[in-house]
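Participant: The structure that follows is given in the form of structure tokens.
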Amino acid sequence: MMQYRDKKVAFGTLGCKLNFSETSTIARSFQEKGFTRVDFKEPADVYVINTCSVTDSADKKSRGLIRQATRQNPAAFVVVIGCYAQLKPEEAASIEGVDLILGANDKFNITKYLENLEKHNHSEVHGCTFQEMTAFHAASSFGDRTRSFLKVQDGCNYFCTYCTIPLARGKSRNPSIAELVTETRNLARQGIREINLTGVNIGDFGRSTGETFQDLLKSLEAVDEIARIRMGSVEPNLLTEEIIRMVAGSAKLAPHFHIPLQSGSDEVLELMKRKYDTALFRQRIDLIRHHLPDAFIGVDVIAGMNGETETLFQQAYQFIEGLDVSQLHAFPYSERANTRALEIDGVVPVQRRKERTQQLIQLSQQKLAGFYGRQLGKEAVVLFENQQDRRFAAGWTENYVRVKVPFQEQLLNQTVRVRLESVMEEGTLSAVLI
Ligand code: SF4
């Protein structure tokens, strides 16, 4: 078996938490082969770029990172994986200096393709067809050794009209609850205190195994060694009352919800082929606020989707303005190849999309300031992270407030009760230990 004891590998990752958990897992497979992991800015023998293709600018950033690698060491072996590789393998392969393009199914076997690391005359493409994306590959990150992004699901069957992710990641699939409980125990044995459940459509967990997302939460909650469980993005129609009640009654499930709304207009939601309307969305928010008044609620919104007239945008804005949520993640609509949204009339000029997004970002800042303001003087539990910086100890409360206190070694990787005192610069809160 080829060993690479004197070789260096560097990873560049773009996009979602899922990509970061997959890079972390792939990096471990390199270290098992003897590679030394170095920072992406450093010269390396192998560069692996885990790309994103959710928007045009993500494609551009992916190409930029690839070119950065080939510039840093023209002799390096360059591998491109991730959604840009899966969706546009030929385009990625045409970038000078690229040796290998691996699709979603093959990216976990990179070390199998390395051989003697000699550069290829032309780049090779493997496993980039939709049909090949059938297997579920486990992944988890443990960068700061306090929190881990645990991959619990992959792919999506929803095919919203603006979205290219189902084409990049395949059908919805997942491992068994038993496998994830075992993985969670392994992570806890390595010192991890909080797991963040990540995937593409995690609320759809269970498609491959006939299990449910609620069952998964119950089983992970029963893992004694883990202090906290944080859910990633859950589709509104899949965020059931049962789940909200479970979070309200749990000491481990964090009162932190990330819910993609995408538009506050029913007409635009229809154009997007989303699986709920604004009435259902408001009902979910009201339910959370009823059971968990201080929960953090982050909401995704797309501005300037084809067909979103000025009137519909104003309607959408007013709906969102009236929602008691903590923060908005607002993005301008971006045309994606092979998506049905391209057939919808009423293209919004790019500049107008940016202006609408800016309006939503300003609204988000008001909501976040209001949310933080409501936390002042309240008690919370912070999980302080392992970190290099010895000036302060930092961490997240259960309801996703970033907290800093003067540094004490014994705080690291511990859950500690605090009282939130004041809002510092950069949106972090100071606190006193109780
Ligand atoms: S639910 Fe819709 S937006 Fe989300 S990944 Fe699936 S298709 Fe894309």
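The values are calculated or read from the model by the stated rules, or taken from the named source; none is laboratory data. Keep in mind the model is a prediction, meaning the values are calculated, not measured. As a convention, Cβ positions derive from the backbone with ideal geometry for all residues, glycine included, and neighbour counts pool all protein chains shown. Ligands, DNA and RNA are excluded from the accessible area calculation, which covers all protein heavy atoms including side chains. Shrake-Rupley method; radii C 1.70, N 1.55, O 1.52, S 1.80 Å.
Participant: I'd like to know which of Pro89, Ala227, Ala279 lies farthest towards the positive end of the charge dipole of the chain, counting +1 on Cβ of Lys and Arg and -1 on Cβ of Asp and Glu.
Facilitator: About the Cα centre, the residue reaching furthest to the positive side is Ala227.
Participant: Here's a follow-up. Over the stretch 379-433, calculate the relative contact order: mean separation of alpha carbon pairs under 8 Å at least 6 apart, over the residue count, as a percent.
Facilitator: Once normalised by length, the contact order is 36 percent.
Participant: Students often check this: by mean Cβ neighbours within 10 Å, which of 40-52, 288-300 ranks highest, and how do the rest follow?
Facilitator: So the peptides 40-52, 288-300, ranked by packing, come out 40-52, 288-300.
Participant: Looking at the square roots a ≥ b ≥ c of the eigenvalues of the Cα gyration tensor of the stretch 1-158, which shape do they give, rounded for a/c under 1.5, prolate if a/b is larger than b/c, or oblate?
Facilitator: rounded
Participant: So in the chain, what percent of DSSP beta bridges are antiparallel if you round to the nearest 5?
Facilitator: Of all bridge pairs located within the chain, approximately 30 percent are antiparallel.
Participant: For the stretch 355-399, run through the trypsin sites (Lys or Arg not before Pro) and keep only the ones in DSSP coil with at most 15 other Cβ atoms within 10 Å of their Cβ.
Facilitator: Lys378, Arg390, Arg391
Participant: Which entries in the list Lys151/Lys218; Lys41/Lys61; Lys17/Lys112 go over 20 Å, if you measure between the two C-alpha atoms of each?
Facilitator: Beyond 20 Å between Cα atoms: Lys17/Lys112.
Participant: Ok, one more. If amide H atoms are built 1.01 Å from N in the plane of the peptide, which residues on other chains or at least 5 residues away come under 5 Å of the amide H of Leu261?
Facilitator: Under 5 Å from the amide H of Leu261: Asp300.
Participant: Under 15 Å from the Cβ of Leu433, count the other residues' Cβ atoms, weight Lys and Arg +1, Asp and Glu -1, and hand me the total.
Facilitator: +1
Participant: Cβ under 14 Å from Thr36's Cβ, Thr36 left aside: what net charge do those residues give with Lys, Arg +1 and Asp, Glu -1?
Facilitator: Net of charged neighbours comes to +1.
Participant: Cα gyration tensor of the stretch 1-42, axes a ≥ b ≥ c as square roots of the eigenvalues: rounded (a/c below 1.5), prolate (a/b > b/c) or oblate?
Facilitator: It comes out oblate by the Cα gyration axes.
Participant: Checking the cross-link filter: which aspartates and glutamates have an alpha carbon closer than 13 Å to that of Lys252, excluding same-chain neighbours under 8 positions apart?
Facilitator: Leaving aside aspartates and glutamates fewer than 8 places away in the same chain, those within reach of Lys252 are Glu194, Glu221, Asp224, Glu225, Glu398.
Participant: Would you kindly derive the ³J(HN,Hα) couplings of the stretch 369-385 from the backbone phi angles with the Karplus curve 6.51 cos²θ - 1.76 cosθ + 1.60 (θ = phi - 60°), listing them in order in whole Hz, with x for Gly and Pro?
Facilitator: 4, x, 5, 4, x, 5, 8, 4, x, 8, 8, 7, 10, 9, 9, 6, 8
Participant: Which of the aspartates and glutamates could a cross-linker bridge to Lys119, judged by Cα under 17 Å and excluding same-chain residues fewer than eight apart?
Facilitator: Straight-line reach from Lys119, under 17 Å: Asp45, Glu96, Asp99.
Participant: For Lys354, go through the aspartates and glutamates and keep the ones whose alpha-carbon is under 17 Å away, minus same-chain ones fewer than eight residues off.
Facilitator: The reachable aspartates and glutamates, counting only those whose Cα sits under 17 Å from Lys354, are Asp56, Asp300, Glu308, Glu310, Glu335.
Participant: Here's another thing I want to ask about it. Using a ≥ b ≥ c from the Cα gyration tensor of the stretch 379-433 (square roots of the eigenvalues), is it rounded, prolate or oblate, where a/c under 1.5 gives rounded and otherwise the larger of a/b and b/c decides, a/b for prolate?
Facilitator: oblate
Participant: Order of 55-62, 420-427 by packing, highest average Cβ count within 10 Å first?
Facilitator: Result, highest mean first: 55-62, 420-427.
Participant: While we're looking at this one, here's another question. Given a 1.4 Å probe, how much area per residue of the chain is accessible, in Å²?
Facilitator: About 42 Å² of surface per residue is accessible.
Participant: Out of the total accessible area of the chain (probe 1.4 Å, heavy atoms of protein only), what percent is carbon and sulfur?
Facilitator: 51 percent
Participant: What number, in percent, do you get for the relative contact order of the stretch 8-128 if the mean sequence gap of Cα pairs under 8 Å and at least 6 apart is divided by its residue count?
Facilitator: About 23 percent, as a whole number.
Participant: Can you grab the distance from the C-alpha centre of the stretch 352-389 to the C-alpha centre of the stretch 4-54, Å, no decimals?
Facilitator: Cα centres, the stretch 352-389 to the stretch 4-54: 31 Å.
Participant: Something else: Mind checking the dipole of the chain: about its Cα centre, +1 per Lys or Arg Cβ, -1 per Asp or Glu Cβ, Debye to the nearest 20?
Facilitator: My answer is approximately 820 debye.
Participant: Could you grab the relative contact order for the chain? Cα pairs under 8 Å, six or more apart, rounded to a whole percent.
Facilitator: 10 percent
Participant: Between Lys60 and Gln131, what is 0.36 nm times their sequence separation minus the Cα-Cα distance? Round to one decimal in nm.
Facilitator: My answer for the length gained is 22.9 nm.
Participant: Still on this structure, I have one more. Could you give the semi-axes, largest first, of the ellipsoid that matches the chain, computed as the square roots of 5 times the alpha carbon gyration tensor eigenvalues and rounded to whole Å?
Facilitator: 34, 29, 21
Participant: Please report the base-10 log of the normalised intensity I(q)/I(0) for the stretch 147-374, using a Debye sum with one equal scatterer per alpha carbon and no solvent, at each q in 0.13, 0.14, 0.15 (1/Å).
Facilitator: -0.81, -0.93, -1.04
Participant: Related question: Using the Karplus curve 6.51 cos²θ - 1.76 cosθ + 1.60 with θ = phi - 60°, work out ³J(HN,Hα) for each residue of the stretch 41-49 in order, rounded to whole Hz, and write x for Gly and Pro.
Facilitator: Here the 3J(HN,Hα) series is 6, 8, x, 9, 7, 10, 10, 10, 10 Hz.
Participant: Turning to a different aspect of this structure: How much net charge surrounds Phe205 when only other residues with a Cβ under 13 Å from its Cβ are counted (Lys, Arg +1; Asp, Glu -1)?
Facilitator: Spelling it out: positives minus negatives among the neighbours equals -2.
Participant: What number, rounded to the nearest 500 deg cm²/dmol, is the helix-based mean residue ellipticity at 222 nm of the chain, given -39500 (n - 2.57) per DSSP H run of at least four residues and division by all its residues?
Facilitator: -9500 deg cm²/dmol
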